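**Student:** The structure that follows is given in the form of structure tokens.
Computed from the coordinates by the stated procedures, all read-outs in this text should not be read as laboratory data. As the structure is a computational prediction, the values presented were derived from the model and not from experiment. Neighbour counts run over all protein chains shown; Cβ positions are idealised from the backbone, glycine included.
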Amino acid sequence: MRRTPLAITSALDALERAGLRRSRRTVTEGSSPALSRVDDRCVVNFCSNDYLGLAQHPDVTAAFVRAAQTFGVGAGASHLVSGHGSAHEELEQALAAFTGRERALLFSTGYMANLGVVGALAERRTHVVEDRLNHASLIDAARISGAKLTRYQHSHVEDATRRLVASGDDDALLVTDGVFSMDGDVAPLAALASAARARDAWLIVDDAHGLGVLGATGGGSVEAAGLTSDDVPVLVGTLGKAFGTFGAFVAGDAELIEFFLQRARTYIYTTALPPAVAAATLASLRLIEGEPWRRERLHSLIARFRAAALRENVPLMPSSSPIQPVLIGDDRRAVTVSDRLFAQGYWVGAIRPPTVPVGSARLRITISAAHTDEQVDRVVEHLAAALRTTHASI
Ligand SMILES: *Cc1c(COP(=O)(O)O)cnc(C)c1O
């Protein structure tokens with residue numbers, strides 16, 4: 001038998017010693033935020049991104065089952081060969097209408113959408129200007145593209161502008177999360193849009209956590225900022241979060257989308273999303289459009305969580321999104337608090353480097369419209385108690 005190279009064993013040991021080794025819990029039944037069975041116990045899930053409680057909605061699961069019976073489970077090929085079906089087509093049109101754009105293109109995941117979009121637009125001489133706290137897939141997208149990547153201080157428009165200007169006459173892309181995935185704050189989109197326009201740079205917004213949740217009709221952080229496709233020409237959305245399904249899309253002008261269809265490698269060289277996932281997502285989009293109470297309920301629970309946390313002296317970050325991080329700092333303490341909450345029936349993820357900067361380990365609490373008032377009140381109480389009785393390991 002081949003021996004494991006020492007470097008691998010010692011890398012794993014180093015993670016263990018630093019308190020950075022990660023492990024998985026296994027969900028055995030139900031993915032509703034309000035109740036999941038995990039490792040054979042029932043817990044309230046405060047770390048899922050199913051913000052509107054749609055992943056298990058009967059309309060969504062019924063659409064999935066029906067489409068699987070009609071089309072089969074697998075798409076069988078990539079979109080440009082024979083994998084593109086009427087369910088994909090219908091969903092793309094509905095997503096374009098929902099985001100107020102001419103056209104949308106489905107990708108298999110948000111990670112792949114970002115690689116595809118940045119990769120298609122960036123050439124070697126392009127400067128890709130990114131927020132420091134952008135999602136890993138956007139950073140990787142710029143790195144893999146071979147373009148010049150430069151990262152500005154978080155949400156710092158002057159720093160972004162300075163870097164855009166420094167790129168001289170070369171092409172530039174300005175790239176940001178709409179809602180930052182580990183902090184929950186919203187990017188200063190209006191100011192970034194002006195900066196991009198002044199420099200004639202493409203602005204790409206990845207609104208994975210804003211779509212369905214922010215804006216009057218759930219159109220996301222771009223809608224909430226009162227911006228249009230003129231301001232934000234490239235909008236990436238993911239379907240695995242508020243939509244409760246799986247996959248991603250990019251929306252924009254028809255010609256731009258046609259360009260991605262022709263040139264985005266992660267669109268061309270991969271199997272199409274299962275058609276049943278597209279059908280389920282269409283059902284979920286109809287609920288997002290037709291049941292605004294889900295969004296209202298979510299925002300009232302977010303306000304309830306923040307008010308309770310304030311009363312209990314739980315330190316919050318400036319977020320009005322469903323992502324409510326509690327900064328801990330120390331990696332081991334973050335895990336200790338998370339483990340204690342789990343033992344009490346509340347599943348809250350501890351997020352450590354490299355997902356977040358060193359020294360900023362945190363609990364990432366996510367609120368869902370599926371939670372009850374009582375569940376939100378209780379998690380804050382248990383959290384406050386755990387914070388009072390645990391201390392940093394150093
Ligand atoms: C989750 C996420 C992605 C990745 O989407 P997947 O569909 O899960 O691959 C991309 N960008 C941001 C900001 C995200 O939060």
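**Student:** Beta carbons within 10 angstrom, averaged per residue: use that to sort the peptides 156-167, 206-217, highest first.
**Tutor:** Per-residue Cβ counts within 10 Å, averaged per peptide and sorted highest first, yield 206-217, 156-167.
**Student:** Principal axis lengths of the stretch 1-155 from Cα atoms, whole Å, largest first?
**Tutor:** 53, 51, 44
**Student:** Grab the other residues whose beta carbon is less than 15 angstrom from that of residue 359, score K and R as +1, D and E as -1, and report the net.
**Tutor:** Local charge sum for residue 359: +2.
**Student:** Need one number: nm distance between label points at residue 153 and residue 303, each 7 Å from Cα along Cα→Cβ, rounded to one decimal.
**Tutor:** Modelled inter-label distance: 3.3 nm.
**Student:** Running a GNM on the chain with Cα contacts under 10 Å, which residue among 27, 186, 234 ends up with the highest mean-square fluctuation?
**Tutor:** 27
**Student:** Quick one: net charge around residue 80, please, counting Lys, Arg +1 and Asp, Glu -1 for every other residue with C-beta under 15 Å from its C-beta.
**Tutor:** Neighbour charge sum, excluding residue 80 itself: -1.
**Student:** Sort 245-254, 110-119 for me by packing, meaning the mean count of neighbouring Cβ atoms within 10 Å per residue, highest on top.
**Tutor:** Going by the mean number of other Cβ atoms within 10 Å, highest first, we get 110-119, 245-254.
**Student:** Can you give me the orientation-averaged projected area of the convex hull built on the Cα atoms of the stretch 67-133, in nm²?
**Tutor:** Averaged projected hull area, Cα only: 6.8 nm².
**Student:** Magnitude of the Cβ-charge dipole of the chain, K/R +1 and D/E -1, about the Cα centre, nearest 20 debye?
**Tutor:** About 1460 debye.
**Student:** Output the peptides 174-182, 306-314, 187-195, 57-65 sorted from most to least packed, where packing is the average of other Cβ atoms within 10 Å over each peptide's residues.
**Tutor:** Going from most to least packed, we get 174-182, 187-195, 57-65, 306-314.
**Student:** With every atom except the alpha carbons ignored, what do you get for Rg and Dmax of the chain, in angstroms?
**Tutor:** Cα-based Rg and Dmax for the chain come out at 21.3, 61 Å.
**Student:** Let me ask you something else. Charges on Cβ only, +1 for Lys and Arg, -1 for Asp and Glu, centred on the Cα centroid of the stretch 57-145; of 60, 86, 126, which one is farthest towards the dipole's positive end?
**Tutor:** Comparing the listed Cα positions along the dipole, 126 ranks first.
**Student:** Taking the number of other C-beta atoms within 10 Å as the exposure measure, put 372, 366 in order starting with the fewest.
**Tutor:** 372, 366
**Student:** Related question: Using the Cβ atoms and a cut-off under 9 Å, what net charge is assigned to the surroundings of residue 125, where Lys and Arg are +1 and Asp and Glu are -1?
**Tutor:** Once all neighbours under 9 Å are counted, the net charge is -1.
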